[in-house]
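Chemist: Got a structure for you, written out below as structure tokens; questions coming shortly.
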């Protein structure tokens, strides 16, 4: 695992971009690994993508452990990052450590949680004990009910400066990765250039060290693709047509094909 992470730091220095997708099952993990992904994120976004909820708030640690194990067994050489869900890390550094160990034992290489300055002590506590932490700032979906809706962050000079300071503080506390979501391109560029750790962007422009998107958005399977994402295939139509063809073939008698007995 150390060699995997060291390669991310070398690529940050050389300027080579790294690519991740968010996946939730073994089959897609294996497909993404074979396609050349550098990392797989087991996101609590499964609450929306897999479970059909409006947000991520109902996802449990037990569910994240299950999906992390499933993904890790198909991950190949990819770095596996996994999310701690709401309510499993905020109470204390000790709580965060215990929850992280559950994901680590399931197969995660890096543990990600959402939050800024208020969690710097937790980052330091866990990093000092050997945990690879990814700190997620900017748009943090677990706080959507605090904001009322999903919205871009860092839009004012004051908010931008706050996020910049949070990024530096979290990296200084020992975070091995930062994830910036839905922040202005210029801010993401400045943070990526300033901090010594790899910066992963989603909806944060092209100048971060790596990019991550939800696999279902990449494949055009999502019912609502975020404005910062891109569907690289018309997956919903392709799979929908295949299922329709299957149903029609069964009903018309074309499938299964008849066999001669004896």
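Chemist: If I ask for residues that are within 18 Å of residue 113 (Cβ to Cβ) and in contact with a strand residue (DSSP E or B) (Cβ under 8 Å, 6 or more places away or on another chain), which ones from region 150-172 would you list?
Modeler: Passing the criteria: 153, 163, 166, 167, 170, 171.
Chemist: Same structure, new question: Pick from 204, 182, 188: which is touching a residue at least 12 places away in the same chain (Cβ under 8 Å) and touching a helix residue (DSSP H, G or I) at 6+ places or on another chain (Cβ under 6 Å)?
Modeler: None of the others qualify; the one that does is 204.
Chemist: Working carefully through the options 135, 175, find the one that is in contact with a strand residue (DSSP E or B) (Cβ under 8 Å, 6 or more places away or on another chain), in a loop (DSSP other than H, G, I, E, B) and more than 20 Å from residue 226 (Cβ to Cβ).
Modeler: When all the criteria are applied, what remains is 175.
Chemist: Determine which member of the set 153, 165, 211 is surrounded by 12 or more Cβ atoms within 10 Å (Cβ to Cβ), under 29 Å from residue 78 (Cβ atoms) and in contact (Cβ under 8 Å) with a residue 40 or more places away in the chain.
Modeler: Only one candidate qualifies: 211.
Chemist: Still on this structure: Do we have residue 33 as modelled with pLDDT of 95 or more, surrounded by 17 or more Cβ atoms within 10 Å (Cβ to Cβ), farther than 16 Å from residue 136 by Cβ and in contact with a helix residue (DSSP H, G or I) (Cβ under 7 Å, 6 or more places away or on another chain) here?
Modeler: no
Chemist: Kindly provide the set of residues from region 105-132 that are surrounded by fewer than 22 Cβ atoms within 10 Å (Cβ to Cβ), without any contact (Cβ under 8 Å) to a residue 40 or more places away in the chain and in contact with a strand residue (DSSP E or B) (Cβ under 9 Å, 6 or more places away or on another chain), ordered by number.
Modeler: Matches in region 105-132: 107, 115, 131.
Chemist: Working only within region 101-132, note down all residues that are in contact with a helix residue (DSSP H, G or I) (Cβ under 9 Å, 6 or more places away or on another chain) and assigned to a loop (DSSP other than H, G, I, E, B).
Modeler: Result: 107, 108, 109, 115, 116, 129, 131, 132.
Chemist: When region 151-172 is examined, which residues are found to be outside any loop (DSSP other than H, G, I, E, B), farther than 30 Å from residue 130 by Cβ and out of contact with any helix residue (DSSP H, G or I) (no Cβ under 6 Å at 6 or more places or on another chain)?
Modeler: Correct list: 157, 158, 159, 161.
Chemist: Right, something else. Quick check on my filter: what residues within region 174-191 are under 23 Å from residue 131 (Cα atoms) and within 18 Å of the chain's Cα centre (by Cα)?
Modeler: 175, 176, 177, 178, 179, 180, 181, listed by residue number.
The values are calculated or read from the model by the stated rules, or taken from the named source; none is laboratory data. It should be emphasised that the depicted structure is a prediction, and the values quoted were computed from it without experimental measurement. In this analysis, Cβ positions are derived from the backbone assuming ideal geometry, glycine residues included, and neighbour counts consider all displayed protein chains.
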